[in-house]
Amino acid sequence: MPIPGEISLVVGAVLAAQGRLSIGGVVVDGILAAVLGNLTAYYIWATYGRQLLSTRVVARIYTPEKVAVAEKLFARRGAWLAVAGGRWIAILRIFGGPLAGLHRMGRISFLSASIAGAVTWVPFIVIVGVILGNNINVAVAFISHVGLILLGLAILAVIAAILWYRYWYLARKHARGTGGPSGKNKLT
């Protein structure tokens, strides 16, 4: 099932920190899921990409100009780095496999880049999740305090907007309607 990688890895790591899952299992499963998801997208777009480009939805987003730019990128050696490093960047993580397949990046090169990206990214996200899991009480308290502060700021913003409307906007509107010949507001 395609679900966001960070969320599933952090949840798995928090559960591992609580002793409900194996940290090693979360890492291995995360790497396998990342590589297999990337490979699936790669093969779908390598096989059906040109037909998908002719659909109205894809053609609106992925214009011929964008296709030409991407083909130049994937023709150079930057494709490997885009796929491996793209694992760390949300948009590239989503589109790396499809673009590599569409633009005919070599299978072995794609697989090695996908594995390299997953092997570096997944353990990092799991470590963050374990730290969060070990400090969940601190994280919840922090989020609660931040939430209260943001609520207070939102209330102050609403009060400020009401005061601005009531005293500045309405006074200015009133001054324009009944003001002297210059029409200037006497309050400002």
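Please treat every number below as a calculation from the coordinates, not as lab data. The structure displayed is predicted, hence computed values, not measured ones. Note that we place each Cβ from the backbone using ideal geometry, even for glycine, and neighbour counts take in every protein chain shown.
With N residues in the stretch 5-134, what two-decimal value do you get for its Cα radius of gyration over 2.2 N^0.38 Å?
1.18
Spin-label model, residue 165 to residue 71: label points 7 Å out along the Cα-to-beta-carbon direction sit 5.5 nm apart. For the chain, the longest principal axis of the C-alpha atoms and the axis of helix 64-75 are separated by about 50°.
Measuring nothing but how far apart in sequence close Cα pairs (under 8 Å, 6+ apart) lie, relative to its length, the chain scores a relative contact order of 29 percent.
Measure nothing but the geometry: give the 0 to 90° angle between the long axis through the Cα atoms of 136-163 and the longest principal axis through the Cα atoms of the chain, rounded to 10°. On a 0 to 90 degree scale, this one is about 30. Close amide-amide hydrogen proximity is noted between residue 88 and no other residue 5 or more places distant or on a separate chain, at a cut-off under 5 Å (H modeled in the peptide plane; Pro and chain starts excluded).
Ranked by the mean number of other Cβ atoms within 10 Å of their residues, highest first, the peptides 147-154, 28-35 fall in the order 28-35, 147-154.
Axis of helix 90-102 versus longest Cα principal axis of the chain: the two differ by about 40°, to the nearest ten degrees. Rounded to the nearest whole Hz, the Karplus-based 3J(HN,Hα) values (6.51 cos²θ - 1.76 cosθ + 1.60, θ = phi - 60°) of the stretch 108-125 follow the sequence 5, 4, 5, 4, 5, 5, 5, 5, 4, x, 5, 5, 8, 6, 4, x, 4, 5, with x at glycine and proline. Among 31, 12, 146, flag the residue with its Cα farthest along the positive direction of the charge dipole of the chain, charges on Cβ as +1 for Lys/Arg and -1 for Asp/Glu. The Cα lying farthest towards the positive end belongs to 146. Highest average first, the peptides 41-54, 87-100 ordered by how many other beta carbon atoms sit within 10 Å of their residues are 87-100, 41-54.
At full extension, residue 54 and residue 141 could sit 26.2 nm farther apart than now, given 0.36 nm per residue minus the alpha carbon distance. Note that the stretch 128-133 has calculated 3J(HN,Hα) couplings of 4, x, 5, 4, 4, x Hz, one per residue in order, obtained from phi through the Karplus relation 6.51 cos²θ - 1.76 cosθ + 1.60 (θ = phi - 60°); glycine and proline are x.
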